[in-house]
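*Asks:* Take this structure, written in structure tokens, and hold onto it; I'll ask about it next.
The values are calculated or read from the model by the stated rules, or taken from the named source; none is laboratory data. Since the structure is predicted, the reported quantities are computational estimates derived from the model, not experimental observations. Using ideal geometry, Cβ is built from the backbone for each residue, glycine included, and neighbour counts are taken over all protein chains shown.
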Amino acid sequence: MDIDRRGLLVGAAGLAGTVALAGCAPRGERTEIGDWPTEVGDEPVTVDWWSAQIATNDGGDLRPRLIEEFGKAYPNVRINVVEAAADTDTNRTTLTTQIAAGSQSPDVFHGDIAWPGQFAENKLATPLKTLVPDDFWDQYPEGLRTAASVDGDYYMFPIYIDNSFLVYRQDLLDKHGLQVPASWEEVVETSKKLIDTGDVDYGFVYQGNVYEGMTCNVVEFVADAGGLLTDEGVTEATATSSEAKRALEFMASLITEGVTPRASLTYIEQASLDAFTTGRAAFLRNWSYSYDTANSPETSSVAGAVGIRSRPGFDGTDETHTTIGGWGSYINPHTLVPAAALAWARWLADEDAQQIIVREGGVIPARTASLTSPDAVAAAKPQYSIAADYTLVPRPTATAFYPKVSQGIYVNANSIAAGQSAVGTGLDRMQRQMETALAGQAL
Amino acid sequence: MTTQAGTAPAPAKASTGRGSGKGPRGIVATRRRTALIFSTPALLLILLVTVFPVLYSIVLSFARVSIDYDGFQIEEFTVGNYGALLQSGAWYQALGFTLLYTVVTVTVELVLGMLAALVLERLGVTRGWMLALLLVPWSLVTIVSAQLWRYIYDSTYGIATWAIQGVTGDAPVILGEPVSAAVALMVADIWKTTPFVAIILLAGLVMIPEEHYEAAELDGSSAWQTFWQVVMPQLLPTFTIAVLFRVLQAFGVFDLPFVLTQGGPGTATQTLAIMGYRVLFQDINIGPGAAIATTTAIIVGVGCLLFLRAFRNQARGES
Amino acid sequence: MARTRIRRGWRRWINVVNVGGVVIALVTALPLYWLVVSSFKTNAEIAASPPTVLPQEWSFDNYVTAFVSNELAVYMVNSVVVAVATTVIVLGLALFAGYALTGGKLRGSTAIMTVLLMLSVFPAIAVLTPIYLIERQLGLLNSHPGLILPYVAFNLPFAIWIMRNYLAGIPTTIEEASEIDGASPLRTMFSVILPMSKPGLFTVGVFTFTASWSEFLLALTINSETSFRTIPVGIALFSTEFSVPFGAIFAGSVSATVPIVVLVLIFKRSIVSGLTSGAVKG
């Protein structure tokens, strides 16, 4: 036989073979949510837990401790840790590939707080509301509940959340006899004074790069101004509201008045923290880890000279706002150990685990009561006491199209802040792009 | 996988009636059978492992796809994904940038690689050391090389930032401006890939017989003339292959922009592969993502076909 | 043989070739120097501005982090196994296939070459999910063959192209002479073709090895278990959510690259002679 015919036959056979293989793919038993077992039973069972490091107070890993404690409550359940990348995008890639292909492993995975919308839509996580008592979710702050729920159902058990804070150079304030600013207007004033003295190059820095972190900052400023970028159910965009206008005008003015350097529009978390720890900036908005890093002599040249407060509001407002970062547990719908997976995911969100986080962890617990418990007070972390008073503002994550909505926000906000677009035109464009995204048309 | 051992011995000369090795028809048939046996393992493997995934992806690109508990569900067949691409400003921008990136990096690498190969060819004792040195950037894991350059370009403590600041007095934010980010990306790629181009070209260079150079020298040709009249014509097959595959790689570049710029600032350095990744795995938008992959393949494929047609003889290595 | 001229006087040292060589060496080596030197700096010094040319304080902390808190040794073993196996298999298959596709032995060899080209052109991100699907069915997840198979398939087209290109340059007279001598095709292959294909083998070998060594997305998705993880994925895991530990990353990559460099230095002479053996052609 000459090459052409034989090649064709072989190719066809191979093709048919692989198609057949893929076609009759045995999938994990898709347990109907109605009969999801909740009783763990006595036989030994292993739960694969896809997770990244949860920081302890001294930079170690809290997970072995959590697993150990869980073992006391459920001695027959073994937790097997599968190491995940800490980067949210890389994680999402792998998890999407695996779960969409019907993989039964991992059983429980550690996921970003911004994923519920997407994961619900694409059936990559299990709806949880009916698996726990109705009042289970009341343990968490309202903002967090909004962030974790999609169409009235919950897809994530929160583990820990992250809030953003204003970190500042206490030593410089002392040196020049200045007060800790109580509003954004005062931050501007104090920054200008400090820059004039020559002790710092920059006043206030934040993460203004064209990425998700900018969305966090924008949402926060808009909340400070009293508004939101979308409606409650995240079906309509409200980017052209007067509150959004005020917030973006303020962000643009920070640059034009020299309070924030243009470089800040290229900063992601690490870069903004570097600007602060190398002594160039007086004020920094960043997540809770930044305070600890800035005060540690191994990583900062301004260690010991750092103060922390909540993000201020505008003059005349009392509420302080932060958006919600953090991670939670999602359950793989194809898991072969549904009861055990549920037990583990739920346990991490419940009192025992949350108290361990308070006592030994370096992160903020999701559970409201834990944040104000005696253990939390004893831990004496400034982040905890500030977090207890914060008003949490969720990003518009309850939609399946969140990454594209976010892109509409951060691209245009960066352009407005940089002075490349006028506030009005920029917000109009943001509105249009958000609307396109919410309609599922954005590419 | 030692498939060769399983398929040997090749048809023996005397034992079969046909292909006894005597007479031209017999030899042709033997040669063909041998060639068949020699090539089947490789081709079969490629077929089995790559054809199904590629076809699967192409099928998905023509569908509205959703993910259900049972996996990918094709809701309906449509060309809407391609329509969306053609109406998407982001896609045209990614295409334009990828083309620009390909043309610039391949050209620079070929020129620098050629110069480097010429130098290497004339080195005596030090050639071995130079080759070893040139292999090191190539042997670095791409992700790590990208992190190294990210460190070099960092706006607070990167050495490139400090060097430029020393010269111009202005602190640049290299990865923050579209133009400088693109240039930075290309420099990192060129640094890592030129050594390999140089080595490919060197292997072709050394095949040029000494006599041709001597003849040119006797003719009184200058170095420039010698290069274009003696070296390039003989180097053309190697050169063509180098261009072809460098273009293929550059068009599909992913690892470097993924780590260095994430396609940023904004979408300024978003290549087609990065956009495909974003749409597929960040937006979890399967149909359009597959369409991006397929159109990329078509564009590069057509480009290569045209290229091959133009350089048909050289590519086949016929002398 | 290198075409070396005899130069007299100052041209012996200062001439285009030598100066060019120095420039090339510097441009190549400077970023590498930065990589190595930074791996020995403490985290505070890595973030120092202005940057220091030599570490003020030489520290092994990063290496400890790479090997102890992260299991770099395991990752290195996995990477070596996968890369070496892929390279050997690709070399073997491509040598034979490349030879088969020269000289018009097969009808439709041009068509095959074109199809190979088309296949190698398809972006890897799009085939990630289908490949995962197949491997899940075949139970190849979290194993060495799970990576070796796709890597071989992805690298073969380029390898076949290169080998074919080099082998096409071998005069058919030599082949025919061997045939007439009564040698079987395998014999021809090993005693005649193989020695003359060394530059091609070297090029393909280096390319395939480095491609498999560096591959990230597939390795991340298919071998997610620690015991089968490869170096690129392992090093990517050094990063935490908000910070990239350059020191540890550089230390990890220096450790991963040093063995390769040592090997290359040891086999320097044979690499050079293999690469330049094509020059014997008359």
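*Asks:* Test C:I134 against the stated conditions and say whether it is free of Cβ contacts under 8 Å to residues at least 60 places away in the same chain and within 11 Å of another protein chain (Cβ to nearest Cβ). First the steps, then the outcome.
*Replies:* Working: free of Cβ contacts under 8 Å to residues at least 60 places away in the same chain: yes; within 11 Å of another protein chain (Cβ to nearest Cβ): yes.
Spelling it out, C:I134 is indeed free of Cβ contacts under 8 Å to residues at least 60 places away in the same chain and within 11 Å of another protein chain (Cβ to nearest Cβ).
*Asks:* Something else now. For the stretch A:168-185, how many residues are outside any loop (DSSP other than H, G, I, E, B), in contact (Cβ under 8 Å) with a residue 40 or more places away in the chain and either not assigned by TED's automatic domain parsing to the domain that holds A:A275 or not basic (K, R) (or both)? Spell out the reasoning first.
*Replies:* So in the stretch A:168-185, the residues outside any loop (DSSP other than H, G, I, E, B) come out as A:168-175, A:183-185.
Next, only the ones that are in contact (Cβ under 8 Å) with a residue 40 or more places away in the chain stay: A:168-173, A:183-185.
Okay, now just the ones that are also either not assigned by TED's automatic domain parsing to the domain that holds A:A275 or not basic (K, R) (or both), so A:168, A:170-173, A:183-185.
The number of residues fulfilling the criteria is 8.
Yes/no per residue for (1) touching a Phe, Trp or Tyr at 6+ places or on another chain (Cβ under 6 Å); (2) within 22 Å of A:L144 (Cα to Cα):
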{"site": "A:A252", "(1), (2)": "no, no"}
{"site": "A:G258", "(1), (2)": "no, no"}
{"site": "A:T266", "(1), (2)": "no, no"}
{"site": "A:Y289", "(1), (2)": "no, yes"}
{"site": "A:I308", "(1), (2)": "yes, no"}
{"site": "A:T335", "(1), (2)": "no, no"}
{"site": "A:A339", "(1), (2)": "no, no"}
{"site": "A:L342", "(1), (2)": "no, yes"}
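*Asks:* Shifting gears a bit: If we keep just the residues of the stretch C:92-111 that are buried (at least 21 other Cβ atoms within 10 Å of the Cβ) and among the hydrophobic types (A, V, I, L, M, F, W, C), which is farthest from the other protein chains (Cβ to nearest Cβ)?
*Replies:* Applying the filter and picking the extreme gives C:L95.
*Asks:* Pick from A:T322, A:T293, A:T266, A:T277: which is crowded, with 20+ Cβ neighbours inside 10 Å, closer than 20 Å to A:S385 by Cβ and without any contact (Cβ under 8 Å) to a residue 60 or more places away in the chain? Outline the logic, then answer.
*Replies:* Details: A:T322 fails: without any contact (Cβ under 8 Å) to a residue 60 or more places away in the chain; A:T266 fails: closer than 20 Å to A:S385 by Cβ; A:T277 fails: closer than 20 Å to A:S385 by Cβ.
None of the other options fit; the residue is A:T293.
*Asks:* Answer yes or no as to whether C:P232 is surrounded by 19 or more Cβ atoms within 10 Å (Cβ to Cβ), without any contact (Cβ under 8 Å) to a residue 12 or more places away in the chain and either touching a helix residue (DSSP H, G or I) at 6+ places or on another chain (Cβ under 8 Å) or not polar (S, T, N, Q) (or both).
*Replies:* Values: surrounded by 19 or more Cβ atoms within 10 Å (Cβ to Cβ): yes; without any contact (Cβ under 8 Å) to a residue 12 or more places away in the chain: no; either touching a helix residue (DSSP H, G or I) at 6+ places or on another chain (Cβ under 8 Å) or not polar (S, T, N, Q) (or both): yes.
For C:P232, the condition - surrounded by 19 or more Cβ atoms within 10 Å (Cβ to Cβ), without any contact (Cβ under 8 Å) to a residue 12 or more places away in the chain and either touching a helix residue (DSSP H, G or I) at 6+ places or on another chain (Cβ under 8 Å) or not polar (S, T, N, Q) (or both) - is not met.
*Asks:* Find all pairs meeting these conditions: Cβ atoms under 7 angstrom apart; at least six residues apart or on different chains; first residue within the stretch A:342-371 and buried (at least 20 other Cβ atoms within 10 Å of the Cβ); second residue of a type in the set (K, R) and outside any helix (DSSP H, G or I).
*Replies:* A:Q354/A:R367
*Asks:* If you check B:V243, B:V300, which single one turns out to be of a type in the set (V, I, T), surrounded by fewer than 23 Cβ atoms within 10 Å (Cβ to Cβ) and either assigned to a helix (DSSP H, G or I) or out of contact with any strand residue (DSSP E or B) (no Cβ under 9 Å at 6 or more places or on another chain) (or both)? Break it down into steps so the answer makes sense when it comes.
*Replies:* Values: B:V300 fails: surrounded by fewer than 23 Cβ atoms within 10 Å (Cβ to Cβ).
Of B:V243, B:V300, the one residue that is of a type in the set (V, I, T), surrounded by fewer than 23 Cβ atoms within 10 Å (Cβ to Cβ) and either assigned to a helix (DSSP H, G or I) or out of contact with any strand residue (DSSP E or B) (no Cβ under 9 Å at 6 or more places or on another chain) (or both) is B:V243.
*Asks:* Return the pair list, or none, for Cβ contacts closer than 8 Å from residues in the stretch B:220-249 that are without any contact (Cβ under 8 Å) to a residue 40 or more places away in the chain to residues that are assigned to a helix (DSSP H, G or I) and of a type in the set (F, W, Y), at least 6 apart or on different chains.
*Replies:* Qualifying pairs under 8 Å: B:T226/B:Y213; B:V230/B:Y213; B:M232/B:F239; B:F245/C:F158; B:F245/C:W161.
*Asks:* Name the single residue that is nearest to C:T240 (Cα to Cα) among those in the stretch A:88-110 being more than 10 Å from chain B (Cβ to nearest Cβ) and assigned to a loop (DSSP other than H, G, I, E, B).
*Replies:* The selected residue is A:P106.
*Asks:* Also, I was wondering about something else. In the stretch C:217-261, which residues are within 11 Å of chain B (Cβ to nearest Cβ), more than 23 Å from C:T65 (Cβ to Cβ) and of a type in the set (V, I, T)?
*Replies:* Correct list: C:T221 only.
*Asks:* Give the residues of the stretch C:189-216 that are within 7 Å of another protein chain (Cβ to nearest Cβ), within 25 Å of C:A100 (Cα to Cα) and either of a type in the set (S, T, N, Q) or not in a helix (DSSP H, G or I) (or both), sorted by residue number.
*Replies:* C:T203
*Asks:* Same structure, new question: Just the residues that are within 7 Å of another protein chain (Cβ to nearest Cβ) and in contact with a Ser or Thr (Cβ under 7 Å, 6 or more places away or on another chain), please, taken from the stretch B:46-70. Outline the logic, then answer.
*Replies:* Filtering the stretch B:46-70 for residues within 7 Å of another protein chain (Cβ to nearest Cβ) gives B:46-54, B:56-57, B:67-70.
Scanning the stretch B:46-70 gives B:L48, B:F52, B:S57.
*Asks:* Select from the stretch A:325-350 the residues that are touching a helix residue (DSSP H, G or I) at 6+ places or on another chain (Cβ under 7 Å), over 14 Å from A:G111 (Cα atoms) and not in a loop (DSSP other than H, G, I, E, B) and list them in ascending order.
*Replies:* If the condition is that a residue be touching a helix residue (DSSP H, G or I) at 6+ places or on another chain (Cβ under 7 Å), over 14 Å from A:G111 (Cα atoms) and not in a loop (DSSP other than H, G, I, E, B), then A:L342, A:W344, A:W347 are the ones that fit.
*Asks:* I would also like to ask the following. Report, by residue number, each residue of the stretch A:218-273 that is among the charged types (D, E, K, R) and more than 24 Å from A:P116 (Cβ to Cβ).
*Replies:* In the first step, residues of the stretch A:218-273 are kept if they are among the charged types (D, E, K, R); the result is A:220, A:224, A:231-232, A:236, A:243, A:245-246, A:249, A:257, A:262, A:269.
A:D224, A:E243, A:K245, A:R246, A:E249, A:E257, A:R262, listed by residue number.
*Asks:* Would you please name the residue that is modelled with the highest pLDDT, looking only at residues in the stretch B:1-54 that are assigned to a helix (DSSP H, G or I) and charged (D, E, K, R)?
*Replies:* B:R33
*Asks:* When you scan the stretch A:415-431, do you find a residue that is in a helix (DSSP H, G or I), within 14 Å of chain B (Cβ to nearest Cβ), within 21 Å of A:D112 (Cα to Cα) and hydroxyl-bearing (S, T, Y), even just one? Break it down into steps so the answer makes sense when it comes.
*Replies:* Residues of the stretch A:415-431 in a helix (DSSP H, G or I): A:415-417, A:423-431.
If we keep only those that are within 14 Å of chain B (Cβ to nearest Cβ) too, we end up with A:415-417, A:426, A:429-430.
Add one more test, that the residue is within 21 Å of A:D112 (Cα to Cα), and what stays is none.
The answer is no; no qualifying residue exists.
*Asks:* Let me ask another. B:F307 is checked against (1) surrounded by fewer than 20 Cβ atoms within 10 Å (Cβ to Cβ); (2) in a helix (DSSP H, G or I); (3) free of Cβ contacts under 8 Å to residues at least 60 places away in the same chain; (4) more than 8 Å from every other protein chain (Cβ to nearest Cβ) and fails just one. What number does that condition carry?
*Replies:* With (1) surrounded by fewer than 20 Cβ atoms within 10 Å (Cβ to Cβ); (2) in a helix (DSSP H, G or I); (3) free of Cβ contacts under 8 Å to residues at least 60 places away in the same chain; (4) more than 8 Å from every other protein chain (Cβ to nearest Cβ) applied to B:F307, the lone miss is (3).
*Asks:* Return the only residue of C:Y166, C:Y151 being of a type in the set (S, T, Y), more than 7 Å from every other protein chain (Cβ to nearest Cβ), in a helix (DSSP H, G or I) and closer than 30 Å to A:A100 by Cβ. Step through it out loud before you land on a result.
*Replies:* Values: C:Y166 fails: closer than 30 Å to A:A100 by Cβ.
When all the criteria are applied, what remains is C:Y151.
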